[in-house]
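The values are calculated or read from the model by the stated rules, or taken from the named source; none is laboratory data. This structure is a prediction, so every number in the text was calculated from the model and none was measured. Cβ placement follows ideal geometry from the backbone for every residue including glycine, while neighbour counts extend to all protein chains displayed. Just so you know, the surface numbers come from the protein's heavy atoms only, side chains and all, with ligands and any DNA or RNA stripped out. Shrake-Rupley method; radii C 1.70, N 1.55, O 1.52, S 1.80 Å.
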Amino acid sequence: MIGLIFGPPGSGKGTQASRIENEFKMRHLSTGEILRAEAAHGSEVGKEAARIMAAGDLVPDLLIERIVERRLRRAGPDARVLLDGFPRTLEQARALDELLAKLGRKVDFVVALDVPESTLVDRLLHRAAVEGRADDTREAIMERMHEYHRRTEPVLDYFRTRGVPLVEVDGRGEVGEVFDRVRGSLRRVLGRSPANTGL
Ligand code: B4P
């Protein structure tokens with residue numbers, strides 16, 4: 001089973017993905033986390049990614065596509081994987097579909113979190129104060145929002161028009177409250193899919 005968690009920066013993708021991972025026994029694969037680990041490691045790819053991320057921009061499609069392909073192949077043909085932060089462009093969405101077709105797999109569901117922009121900015125500025133992430137400056141946050149609307153939002157329509165089961169969830173409120181909504185909607189969607197009985 002392959003699931004995607006989708007939403008603007010600060011919508012709670014990483015936060016909800018960890019809970020989905022436990023509840024639905026999936027492997028959480030966050031491209032943001034992978035890139036931050038590369039950056040911390042100081043590899044050539046990591047240094048380049050760190051510079052791009054700090055400015056709030058998206059790293060090149062080909063780079064991230066290669067990373068995801070390697071991880072999905074390594075996970076094995078039956079792995080239940082939840083992709084977080086990928087695909088973020090139409091090019092990445094097409095590349096994912098092509099890769100999954102080669103592997104005899106497909107996207108089984110998309111969870112999309114919806115949160116108003118003012119709340120997103122508040123959350124990210126709060127995280128900046130607590131964690132000091134390089135891309136949580138006000139300037140980088142604004143650039144990430146801009147890139148989200150310009151390049152990532154169309155990805156949702158891409159999957160919608162292909163008939164992929166889509167769960168749209170109100171991402172406002174406490175983390176647990178949001179997860180209750182995610183869990184309920186996801187159970188309804190997965191319950192309808194013969195491939196996922198036993199959840
Ligand atoms: P990500 O790591 O995906 O960053 P993000 O969009 O901010 O999401 P994240 O998962 O961290 O935050 P969340 O919403 O859970 O990407 C970082 C960068 O990597 C990108 O900007 C880009 O440069 C690069 N990148 C990654 N994938 C890429 C790709 N495919 N192609 C190109 N470039 C790529 O949470 C945010 C904050 O809100 C947290 O502090 C959390 O504690 C808090 N929060 C969550 N839920 C809450 C709630 N209900 N109430 C209050 N606070 C909440």
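Figures for the structure shown
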{"quantity": "Residue within the stretch 100-110 that is more than 8 Å from the ligand (Cβ to nearest atom) and within 19 Å of Asp170 (Cα to Cα) present", "calculated": "yes"}
{"quantity": "Residues satisfying the stated conditions in the stretch 129-176, i.e. more than 9 Å from the ligand (Cβ to nearest atom) and either in a loop (DSSP other than H, G, I, E, B) or over 18 Å from the mean Cα position of the chain (by Cα) (or both)", "calculated": "Ala129, Gly132, Ala134, Thr137, Arg138, Glu139, Met142, Thr161, Arg162, Gly163, Val164, Pro165"}
{"quantity": "Scope the stretch 87-105; condition in a loop (DSSP other than H, G, I, E, B) and open to solvent by 10 Å² or more (accessible area, probe 1.4 Å); matching residues", "calculated": "Arg88, Leu103, Gly104, Arg105"}
{"quantity": "Among the candidates Leu4, Leu58, Leu29, residue that is open to solvent by 10 Å² or more (accessible area, probe 1.4 Å), more than 8 Å from the ligand (Cβ to nearest atom) and not small (Gly, Ala, Ser)", "calculated": "Leu29"}
{"quantity": "Complete set of residues in the stretch 19-36 that are assigned to a helix (DSSP H, G or I) and over 20 Å from Ile141 (Cα atoms)", "calculated": "Arg19, Ile20, Glu21, Asn22, Glu23"}
{"quantity": "Failed item, numbered, when Gly10 is tested on (1) within 8 Å of the ligand (Cβ to nearest atom); (2) in a loop (DSSP other than H, G, I, E, B); (3) open to solvent by 10 Å² or more (accessible area, probe 1.4 Å); (4) in contact with a Gly (Cβ under 8 Å, 6 or more places away or on another chain)", "calculated": "(4)"}
{"quantity": "Members of the stretch 154-190 found to be within 13 Å of Ser11 (Cα to Cα), open to solvent by 60 Å² or more (accessible area, probe 1.4 Å) and acidic (Asp, Glu), listed by number", "calculated": "Glu168, Glu174"}
{"quantity": "Residue check for Asp114: more than 10 Å from the ligand (Cβ to nearest atom), touching a residue at least 24 places away in the same chain (Cβ under 8 Å) and either open to solvent by 60 Å² or more (accessible area, probe 1.4 Å) or at positive phi (or both)", "calculated": "yes"}
{"quantity": "The stretch 33-54 residues that are at negative phi, paired with ones that are acidic (Asp, Glu) and open to solvent by less than 90 Å² (accessible area, probe 1.4 Å) (beta carbon under 6 Å, 6 or more apart)", "calculated": "Val45/Glu38; Gly46/Glu38; Ala49/Glu38; Met53/Asp135; Ala54/Asp135"}
{"quantity": "Residue pairs meeting the criteria (Cβ under 6 Å; at least 6 apart or on separate chains; first within 25 Å of Ala93 (Cβ to Cβ), in the stretch 158-184; second among the basic types (Lys, Arg))", "calculated": "Leu166/Arg160; Val169/Arg181"}
{"quantity": "Residue selected from the stretch 117-128 under the condition open to solvent by 40 Å² or more (accessible area, probe 1.4 Å) and touching a residue at least 12 places away in the same chain (Cβ under 8 Å), by the criterion farthest from the ligand (Cβ to nearest atom)", "calculated": "Glu117"}
